[in-house]
Amino acid sequence: MVESTTAGSGPGLTGWLVVMAEHTLFAGFGRMLVLLLLLAPLPGVAQQGEARWITDRFEVTMRTGKSTKQSIVRMLPSGARVELLETDEDAGYSLVRTPSGAEGWVLNRYLVTAPPARVRLPEVEQRLARSEARRRELEQQKQALEQQLRESQARISALERSEAKLQKELDKIRQLSANVIQIDEQNDLLRERLGETERTLTDLQLENQRLASRSNREWFIVGAGVLVFGMLLGLILPRIRWRKKSSWSDF
């Protein structure tokens, strides 16, 4: 009796054990599934031909029918991609096809509309690696640009110092040029004064020569007059003396 009961209840017990095992496995990844469901897009109306992925579990059973009593076609690994053929919301199962062509029914709760974290992780890691490489490249470019900026600023500072120095030299040249112009003007004025002085000196020399010539003539005339007067006196005085002697002899 016990054996018959056991035998008669065998398929139901087996199905119950499979369901319990599936629920036990599912409970171990409950939090991960909740996180994936939050990250995954909201489910819409299921359509045939859409892509689905096996949720983030170790393995999921794909059966020949819409219950755990149906035989298992195969075990689908976590992250396996399948094609959605049909969905039965009441039974909670979906008919899917694997890339190899095998078809079977899988519980809806094990299907997600986006690749699970385990599948996306390598892609995310690759994207992260590319982003990190790009970040390092941008950092190197940034450092190179900063170095170029520092060099440009140094050149600008050097050019500004050179410009200031040249400006000082230009101001000095302008000042010297102004001084040269002033000196030239002073030289012209001095040359004019020198010319006037030379002309005055020439006039004075000529006047002096005229005065000297006049003085010589006057002295010559005076000397000649004195000489003539002396000669006259020399002629007159002897006669006066002779007359006096004659007059004295008459007495």
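Side notes on the structure shown:
- When residues of segment 64-92 are limited to those that are surrounded by 15 or more Cβ atoms within 10 Å (Cβ to Cβ) and polar (S, T, N, Q), the one modelled with the lowest pLDDT: Ser78
- Tabulated pairs, segment 72-94, first in contact (Cβ under 8 Å) with a residue 24 or more places away in the chain, second acidic (Asp, Glu), C-beta under 6 angstrom, 6+ apart or interchain: Ser78/Asp56; Leu84/Glu50
- Among residues of segment 93-114, those that are surrounded by 14 or more Cβ atoms within 10 Å (Cβ to Cβ) and in a loop (DSSP other than H, G, I, E, B), counted: 3
- Hits in segment 115-152 - residues which are of a type in the set (Lys, Arg) and surrounded by 15 or more Cβ atoms within 10 Å (Cβ to Cβ): Arg118, Arg120
The values are calculated or read from the model by the stated rules, or taken from the named source; none is laboratory data. Note that the coordinates shown come from a computational prediction; the quantities given were computed from them, not determined experimentally. Because the Cβ atoms are built from the backbone with ideal geometry, glycine has one as well, and the counts that use them run over all protein chains shown.
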